[in-house]
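The values are calculated or read from the model by the stated rules, or taken from the named source; none is laboratory data. Since this is a predicted model, take the numbers as computed values, not measurements. FYI the Cβ positions are ideal-geometry reconstructions off the backbone, even for glycines, and counts take in every protein chain you see. SASA here: full protein model, heavy atoms, side chains in, ligands and nucleic acids out. Shrake-Rupley method; radii C 1.70, N 1.55, O 1.52, S 1.80 Å.
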Amino acid sequence: MRSQLNKMLQEQEENEEINMTPMLDVVFILLIFFIVTASFVKEAGIEVNRPEAATAVKKERANILVAISDKGEIWINKRRIDIRAVQANIERLKAENPQGTVVIQADKKATTDVLIKVMDSARAAGVFDVSIAAQEA
């Protein structure tokens, strides 16, 4: 009788193994969670030569980037847009991220006329936290 019991226990121990599937599922779910929630670097669409400023401060959580080229072209989300469409685009981006702020990346040679129109459009879209990008001197 004892030998049968020992034999059954040995067979049961041999059949037991560690199941890694639940742990791997949790790791993959965490990986997906962190990828989805990570903040990615956003680009306006073009490179601009920003002016230098001695008081330039890096702005955290600047989610709505608007670039103005030296020729007065306006770029949002890697697309060139007309000045009349700036307000609608900023409203859409603001709806996606209500805490987002607008940062205007104007080229050194861009006219202040275009810059002021973009700022007015941002404020008309309901975003009052508007900054102008500059390089640290």
Portion, in percent, of the accessible area of the stretch 66-137 that falls on carbon or sulfur, probe 1.4 Å: 48
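Let's test the formula: R0 of 22 Å, r as the Cβ-Cβ distance of N63 and F33. What FRET efficiency results, to the nearest 0.05? Intermediate values should be presented prior to the final figure.
Working: r = 20 Å, r/R0 = 0.92.
Working from the Cβ atoms, E equals 0.60.
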With DNA, RNA and ligands ignored, accessible area of D120 (1.4 Å probe; Å², nearest 10): 90
